[in-house]
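Working notes, beginning with the structure itself.
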Amino acid sequence: MRMKHPVYIVGGGIVGLLSARELARAGRPVVLLDRQAVGKESSWAGGGILSSLYPWRYPAATDQLLRWSQQVYPSLITALVKATGVDPEWTVSGLLILDANIGEVEANFSKNSHFSFERVNAVQLAELEPALAIQPESALWRPDVAQVRNPRLIEALRRDLVQKGVEFREDVTVTGFSQKQGKLAALHTNQGVFPADQCLAAAGAWTAGLLEKTGLMLPIRPVRGEILLLRARPGLISHILLKDYHYLIPRRDGLILVGSTFEDVGFDKSTTAKAKNELLKAAVEMVPALSDCPIEQQWAGLRPGSPDSVPFIGEHPDISGLFVCSGHFRNGIALGPASARLVADLMLGCEPSFDPAPYRLTRE
Ligand SMILES: Cc1cc2nc3c(=O)[nH]c(=O)nc-3n(C[C@H](O)[C@H](O)[C@H](O)COP(=O)(O)OP(=O)(O)OC[C@H]3O[C@@H](n4cnc5c(N)ncnc54)[C@H](O)[C@@H]3O)c2cc1C
């Protein structure tokens, strides 16, 4: 299809940025719109673990995107560092799951058979993480789990996209869409009307609200997560440690992220004393030495929650040219590359890299 206008992307989180990259690499002129500076919402706030926390609890559709993304992350990071000089610190730190229910894991293992686990006993655990205080009945080690520093990843992507000719309009709030005979005709914004033939809605937790007036009701809702940032000595812990959905993520410079809460409070991004206490308690229970570490920061972000944690990726059922990629919930950084590839395939009219059916917008 011949396009009269550039492709518009609404939302400059990880999903919008990676999608812009796929489209720009395919030669499409791209304009990325955000109502603020890009990468200031969930994609900035997240922890940057490149895996789901308990992978056996996720459907195969999430697993497929995760596996593909895990494979491409190393080359993506290498390309970004080379192009921009910004290093997102992709690091294979491994993940220790300290509350694994072995029966549950084994029962669901075949569904996610590409995940490699090793069961570790108390002696092995102490060797892997000497600062750890708890001695769980059964722990699992996933040595291949990697992490990134997502604010740096976003900055690297932003610079790379500028080099690739993507136009950034960071002052534009998209308020709606108009169509002519079932085809996208224009985006309506606080800066006027932009005639358009293709657009991608990648507005994170705000995607459902953005599309409501088009008649598409997506069950994407904000789920607040809070994180504490502690300053520890580098090397105090080396793995990502996980227990009861609370985790510690050690960065190379000694900073440790303590995540995260799960709060159903609408679009409220406030931080709370309750969350601070909950996260500190979990951190100190795992690693008592953290009780002496100063708290550098506390923040909150809004995950784009979807009912089954499977993102919505596809074309609007009634408006051709209007696409959606959103609802990545707790895993948008981990699933980003594959999601962006799939939506770009659909927008470019290429053979899709994966079966798009599990992600369609009108699924039950
Ligand atoms: C505490 C926490 C921890 C997390 N940890 C991890 C983790 O370890 N690993 C992982 O993979 N994921 C993690 N996540 C989830 C991950 O951060 C999200 O799934 C992901 O960032 C979603 O990206 P997005 O691009 O869809 O949305 P966002 O990053 O929220 O971006 C949406 C963008 O759209 C813009 N926008 C919204 N409405 C409009 C409009 N009308 N007009 C113009 N622009 C608009 C916003 O300004 C924003 O820039 C975590 C999230 C939180 C909150």
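The values are calculated or read from the model by the stated rules, or taken from the named source; none is laboratory data. Computed from a predicted structure; not experimentally measured. Don't worry about glycine lacking a Cβ; one is built from the backbone with ideal geometry, like all the others, and counts go over all protein chains shown.
Restricting the search to region 307-326, which residues are more than 17 Å from Leu53 (Cα to Cα), of a type outside the set (A, V, I, L, M, F, W, C) and within 12 Å of the ligand (Cβ to nearest atom)?
Residue satisfying the conditions is Ser326 alone.
A quick yes/no check of all residues on (1) under 22 Å from Ile154 (Cα atoms); (2) modelled with pLDDT of 95 or more; (3) within 16 Å of the ligand (Cβ to nearest atom):
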site	(1), (2), (3)
Ala282	no, yes, yes
Glu296	yes, yes, yes
Gly305	yes, yes, yes
Asn331	yes, yes, yes
Ser339	yes, yes, yes
Phe354	no, no, no
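Being over 20 Å from the mean Cα position of the chain (by Cα) and in a strand (DSSP E or B) is the filter here, so list the residues in region 186-211 that pass it.
Ala186, Leu187, His188, Thr189, Gly192, Val193, Phe194, Pro195, Cys199
Look through Leu125, Leu140, Leu153, Leu132 and report the one residue that is touching a Pro at 6+ places or on another chain (Cβ under 7 Å) and either part of a loop (DSSP other than H, G, I, E, B) or within 30 Å of Cys293 (Cα to Cα) (or both).
Checking each option against the conditions leaves just Leu153.
If only one of Ala139, Ala185, Ala146 is under 21 Å from Ser51 (Cα atoms) and either more than 15 Å from the ligand (Cβ to nearest atom) or out of contact with any strand residue (DSSP E or B) (no Cβ under 7 Å at 6 or more places or on another chain) (or both), which one is it?
Result: Ala139 is the single residue among Ala139, Ala185, Ala146 that is under 21 Å from Ser51 (Cα atoms) and either more than 15 Å from the ligand (Cβ to nearest atom) or out of contact with any strand residue (DSSP E or B) (no Cβ under 7 Å at 6 or more places or on another chain) (or both).
Need pairs with beta-carbon distance below 6 Å; first residue touching a residue at least 24 places away in the same chain (Cβ under 8 Å) and within region 82-98, second surrounded by fewer than 19 Cβ atoms within 10 Å (Cβ to Cβ) and part of a loop (DSSP other than H, G, I, E, B); sequence gap 6+ or separate chains.
Qualifying pairs under 6 Å: Glu89/Arg252; Gly94/Pro143; Leu98/Pro136.
Please determine, by comparing only the residues of region 138-176 that are within 21 Å of Pro88 (Cα to Cα) and among the basic types (Lys, Arg), which one is surrounded by the most Cβ atoms within 10 Å (Cβ to Cβ).
So, considering only residues that are within 21 Å of Pro88 (Cα to Cα) and among the basic types (Lys, Arg), the one surrounded by the most Cβ atoms within 10 Å (Cβ to Cβ) is Arg149.
Condition (residue is surrounded by fewer than 19 Cβ atoms within 10 Å (Cβ to Cβ) and within 17 Å of the chain's Cα centre (by Cα)) applied to region 83-90: is it met by at least one residue?
yes
Check off (1) more than 23 Å from the chain's Cα centre (by Cα); (2) hydrophobic (A, V, I, L, M, F, W, C); (3) within 16 Å of the ligand (Cβ to nearest atom) for Ala275 and give me the number that stays unchecked.
Of the numbered conditions (1) more than 23 Å from the chain's Cα centre (by Cα); (2) hydrophobic (A, V, I, L, M, F, W, C); (3) within 16 Å of the ligand (Cβ to nearest atom), the odd one out for Ala275 is (1).
This table checks each residue for (1) within 9 Å of the ligand (Cβ to nearest atom); (2) free of Cβ contacts under 8 Å to residues at least 24 places away in the same chain; (3) in contact with a strand residue (DSSP E or B) (Cβ under 7 Å, 6 or more places away or on another chain); (4) closer than 30 Å to Arg363 by Cβ.
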residue	(1), (2), (3), (4)
Cys199	no, no, yes, yes
Glu212	no, yes, no, yes
Leu218	no, no, yes, yes
Ile227	yes, no, yes, no
Leu230	no, no, yes, no
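Just for region 19-48: of the residues that are surrounded by 22 or more Cβ atoms within 10 Å (Cβ to Cβ) and charged (D, E, K, R), which one is farthest from the ligand (Cβ to nearest atom)?
Going through the qualifying residues, I end up with Arg21.
Yes or no: region 232-249 includes at least one residue that is hydroxyl-bearing (Ser, Thr, Tyr), within 13 Å of the ligand (Cβ to nearest atom), in contact (Cβ under 8 Å) with a residue 60 or more places away in the chain and surrounded by 14 or more Cβ atoms within 10 Å (Cβ to Cβ).
yes
In the list Leu280, Leu342, Leu346, which residue meets the criterion of being over 21 Å from the mean Cα position of the chain (by Cα) and in a helix (DSSP H, G or I)?
Of the residues listed, the single one that is over 21 Å from the mean Cα position of the chain (by Cα) and in a helix (DSSP H, G or I) is Leu280.
Can you say whether Arg2 is surrounded by fewer than 24 Cβ atoms within 10 Å (Cβ to Cβ), in contact (Cβ under 8 Å) with a residue 60 or more places away in the chain and among the charged types (D, E, K, R), as far as the supplied structure shows?
no
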